Every structure is written in C-alpha cells, then in structure tokens.
Amino acid sequence: MSEAEKVSRFNIDRNPICWNERIHLEPERLNDICNLEYFINENFVKQGFTPIQHGRVSALRATDDGRKSSAFASALYLGKYDDMGNTNRFLNGMVKAGHSYEPIRGETVTFLYIGVSKTAYGHLITYTIRNRRIAGGFRANKPWGFVVPYESKDPWLYHRMMGEQLSRCEQLRKEHPEESLQAIRSLYPVGVMMPPFMLDFSEEALVKNVFKQRIWERGAQGETRDIVNSMFGAVSTHLQHP
C-alpha cells in the first residue's frame, strides 16, 4: 500500500461505539463494523470523498467540501469580488449578522450513525427537514446492543438490567422461532441500540434547526445532545478539510 493510500484510508474508531459504562455493543457486530469500514473506503473514499468521524457519528460526504462553494456564493452576495476564497465569511459573518442563508441553500451532508439508541434516533427523525433516511430498524434486524441513559446515576446497574432484558428477548427468539422479530421488539428496553443508519441534512437545516435546538438551546436529552454535538464536530471538521 502506498503512502497516499495509507493517508486517505478511513478507519472507524471503535472506542466511542464499543463497550464502556454507557454503551454496550454486541461482540458479534465487530465483524459488521469491519465490513462497514471496508465499504466506506470502497464507496466513498475511492470516489474522492473524505469521511470524518466524531464520536458515534461520521460525516461521509458533503456537497460543499472545503466550503469553497459557499465562500464564492457569500462573496458574490455581498459584492466582495476581491475576496471570494474566504471560507469563514458565511458562518462567522453572515449568520451572526442575520443575513440570508442563500449561500448554503442546496448544500447537504450525509451522516452515518453507529452505536446510537432508538431513543436518540427517534429524536433525530422528528426533523422532517432531513433530505433522506436510511434505517433498517427492528422489523427484520436484531439490536446491536444498548445505550444506558445519560441521566442514570448508577450506569452499571442499568447496564446489567438492560443486558438481561435483551438476553431474555434472544432466548424467546430461539425457543419460539414462530415469533417474529417485529413482535419481539416490543420487549426491547427503551435504550436498545439501533443498527447503523444514515441521515442526510441540508446545511441550512443543520444551522437553523438541528444545531440550534439540540446544542445551543436548553432542554435536549443527554444522548441526543451528545450525538448532535458529534454531528457538529464532524461537519465542522469536514467542511474545513482541504
């Protein structure tokens, strides 16, 4: 493998999505993560995209990579023809000054989520402003693990009880094969971990709604806030990447 290939290869950081006091990933899913990693490199990296991971969220691609398009549009909007490469102008200037969102309208970011609870997933999909949702859910998929509520005072107590509940569900599935996964899912704990899913958001929706409501305003649920913070971190890094 050449030095260029080594630099460009995307590797999924397992630490934020595997076992700790808040997150339990079923060991059998490690092979699935290896497959995801392989095909992210095949389907995105080799096509010229630069995926960026932040926590349990990866920004797989962005239409305005490096913010060059919005820099040009912002300068055109303001008549700054001698400084059309300023990639900070829109976020640091126009947004703060209350100007139009037109320079980023139509630009989108594709996110991949691994190790996220169904609760946080439910909060994210309330945004009908998203462009696309790809999620297998539990109709035909087993849970990938579970996520302990961030508000819990004794995480390992919840860890043990949620693990026992999922084990009982698996036992039911094996002893009663006539029962569908769709029916068994009604017994899953609230913090059950979703299989990996993808959401596309426009940059405008992220700035005006998602980040505003889940990060900059009070009241967001613990895990959801953490996931949206990771979205913000991933997209910020992604859009600054050369």
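Val210: farther than 30 Å from Val45 by Cβ, in the same structural domain as Gly137 (by TED's automatic domain parsing) and modelled with pLDDT under 90, yes or no?
no
Which pairs do you get when a residue that is assigned by TED's automatic domain parsing to the domain that holds Glu223 and touching a residue at least 12 places away in the same chain (Cβ under 8 Å), found in segment 155-168, comes within reach of a residue that is surrounded by 15 or more Cβ atoms within 10 Å (Cβ to Cβ) and of a type in the set (Ser, Thr, Tyr), reach meaning Cβ atoms under 8 angstrom, with the pair 6+ apart or on two chains?
Pairs found: Tyr158/Ser152; Gln165/Tyr188; Leu166/Tyr188.
Does Ala75 qualify as being at pLDDT 85 or above and touching a Ser or Thr at 6+ places or on another chain (Cβ under 7 Å)?
Spelling it out, it is not the case that Ala75 is at pLDDT 85 or above and touching a Ser or Thr at 6+ places or on another chain (Cβ under 7 Å).
Go through Arg61, Arg56, Arg67, Arg14 for me and flag whichever is surrounded by 15 or more Cβ atoms within 10 Å (Cβ to Cβ) and on the phi > 0 side of the Ramachandran plot.
Sole residue among the options that is surrounded by 15 or more Cβ atoms within 10 Å (Cβ to Cβ) and on the phi > 0 side of the Ramachandran plot: Arg67.
Quick check: anything in segment 143-154 modelled with pLDDT under 90 and either in a strand (DSSP E or B) or surrounded by fewer than 12 Cβ atoms within 10 Å (Cβ to Cβ) (or both)?
Checking segment 143-154: at least one residue is modelled with pLDDT under 90 and either in a strand (DSSP E or B) or surrounded by fewer than 12 Cβ atoms within 10 Å (Cβ to Cβ) (or both).
Quick check on my filter: what residues within segment 61-98 are outside any helix (DSSP H, G or I), free of Cβ contacts under 8 Å to residues at least 60 places away in the same chain and in contact with a Gly (Cβ under 8 Å, 6 or more places away or on another chain)?
Thr63
Filter segment 21-53 down to residues that are over 18 Å from Tyr113 (Cβ atoms) and touching a residue at least 24 places away in the same chain (Cβ under 8 Å) and give me whichever is nearest to the chain's Cα centre (by Cα). Break it down into steps so the answer makes sense when it comes.
Start the filter on segment 21-53 by keeping residues that are over 18 Å from Tyr113 (Cβ atoms), which leaves 21, 27-28, 31, 38, 41-42, 45-48, 50.
Those left that are additionally touching a residue at least 24 places away in the same chain (Cβ under 8 Å): 21, 41, 45, 50.
Numbers: Glu21: 20, Asn41: 17, Val45: 18, Thr50: 15 Å.
It comes out as Thr50.
Take the conditions β-branched (Val, Ile, Thr), surrounded by 12 or more Cβ atoms within 10 Å (Cβ to Cβ), assigned to a helix (DSSP H, G or I) and modelled with pLDDT of 95 or more and apply them to Ile40. Does it pass?
In short, yes.
What number goes with the only condition from (1) touching a strand residue (DSSP E or B) at 6+ places or on another chain (Cβ under 9 Å); (2) surrounded by fewer than 16 Cβ atoms within 10 Å (Cβ to Cβ) that Ala234 does not pass?
Against the list (1) touching a strand residue (DSSP E or B) at 6+ places or on another chain (Cβ under 9 Å); (2) surrounded by fewer than 16 Cβ atoms within 10 Å (Cβ to Cβ), Ala234 comes up short only on (2).
The values are calculated or read from the model by the stated rules, or taken from the named source; none is laboratory data. Everything quoted here is computed from the prediction, not taken from an experiment. Note: ideal-geometry Cβ built from the backbone for every residue, glycine included; neighbour counts use all protein chains shown.
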